[in-house]
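Chemist: What follows is a single structure, and I will ask about it in a moment.
The values are calculated or read from the model by the stated rules, or taken from the named source; none is laboratory data. All values derive from a computational prediction rather than experimental measurement. Reconstructed Cβ throughout: ideal geometry from the backbone, glycine too, with neighbour counts over all protein chains shown. To get the accessible areas, we keep the full protein, side chains included, count just its heavy atoms, and leave off ligands, DNA and RNA. Shrake-Rupley method; radii C 1.70, N 1.55, O 1.52, S 1.80 Å.
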Amino acid sequence: MSNAMNGFRYIHKAIRQELDEMEALALAALDGGASDGRFGERLAFLRSAVQVHAAGEDEVMYPALDGRVPQVSRSYALDHDYEEKTFEAMAVTLAELGAATTDERRRMLHQHLYRQSVALNATLSLHIWKEEDQLLPLQDTHFSAAEQGAMAGKIIAHIPPPMMLALVPWMLK
């Protein structure tokens, strides 16, 4: 890890791990496990973590990169929009699951939630991989360590303290 923006790898690792665990929970629920409550809590936490992370990228990192390497970040910002729509769709599926009155409807919704979990894992993991493979090296090439440190500080500064208390142990587990 040569420069400050490479600290993104910690939250990326935590997001990937959470995605894998949530996909496993969705599969367990599909196989008859009753994990909807835990899944819903974890989905809400992951959604908030991804939102704050994406906001930092959208507000700080992407504009800075585009200032030095024009048009490099547009597809990444579009990924963020898609991710948020997927989180919302999953929340709707969970709400429908909570209101389901028949076993058949619950089974269908569990299948749908599992497919959504697999899709979110795939798309968000690919997004993270592309950032680490393409954007972080551009940061190292086009920004000094001091400039990266200033960007990292701006990104961290907009995270609410209560959320920071939850994010740090989650990122370091």
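Chemist: In sequence order, what are the phi-derived ³J(HN,Hα) couplings for region 125-135 according to the Karplus relation 6.51 cos²θ - 1.76 cosθ + 1.60 with θ = phi - 60°, rounded to whole Hz, with x for glycine and proline?
Modeler: 5, 5, 4, 5, 4, 5, 4, 5, 7, 10, 7
Chemist: Continuing with the same structure: How much accessible surface does Glu88 have with a 1.4 Å probe, in Å² rounded to 10?
Modeler: 90
Chemist: Specify the inter-centroid distance of region 54-91 and region 96-129, based on alpha-carbon positions, in whole Å.
Modeler: Using only Cα atoms, the two centres lie 23 Å from each other.
Chemist: Just by accessible area at a 1.4 angstrom probe, what is the order of Leu78, Leu46 from largest to smallest?
Modeler: Listed by decreasing accessible area, they come as Leu78, Leu46.
Chemist: On to the next question. In whole Hz and in residue order, list the ³J(HN,Hα) couplings for region 74-89 that follow from phi through the Karplus curve 6.51 cos²θ - 1.76 cosθ + 1.60, θ = phi - 60°; x for Gly and Pro.
Modeler: 4, 5, 5, 5, 5, 4, 4, 4, 5, 4, 5, 5, 5, 4, 5, 4
Chemist: Take every Cα pair under 8 Å in the chain that's 6+ residues apart, average their separations, divide by the length, and report that relative contact order as a whole percent.
Modeler: 42
Chemist: Ok, one more. Could you order His142, His53 so the one with the most accessible surface comes first? Probe is 1.4 Å.
Modeler: Greatest to least solvent exposure: His142, His53.
Chemist: Positive end of the charge dipole of region 52-148 (Lys, Arg +1 and Asp, Glu -1 on Cβ, about the Cα centre): tell me which of Ala146, Tyr62, Leu94 has its Cα farthest that way.
Modeler: Working it through, the farthest residue towards the positive pole turns out to be Leu94.
Chemist: With every protein chain kept in place and ligands, DNA and RNA left out, what is the accessible area per residue of the chain? Probe 1.4 Å, answer in Å².
Modeler: With all protein chains present, the chain gives 50 Å² per residue.
Chemist: Further, regarding this structure: So which lysines pass the test for Lys130, namely a Cα distance under 16 Å, with those fewer than 8 places away in the same chain ruled out?
Modeler: Partners found: Lys13.
Chemist: Excluding ligands and nucleic acids, what accessible area in Å² is computed for Ser75 using a 1.4 Å probe, to the nearest 10?
Modeler: Result for Ser75: roughly 60 Å² accessible.
Chemist: What percentage of the solvent-accessible surface of region 50-173, computed with a 1.4 Å probe over protein heavy atoms, is contributed by carbon and sulfur atoms?
Modeler: Percent of accessible area from carbon and sulfur atoms in region 50-173: 63.
Chemist: Let me ask something additional. If you compute log10 I(q)/I(0) by the Debye sum over Cα atoms at q = 0.10, 0.11, 0.17, 0.19 Å⁻¹ for the structure shown, which of (1) -0.40, -0.49, -1.20, -1.46; (2) -0.59, -0.69, -1.11, -1.21; (3) -0.42, -0.50, -1.02, -1.21 do you land on?
Modeler: (3)
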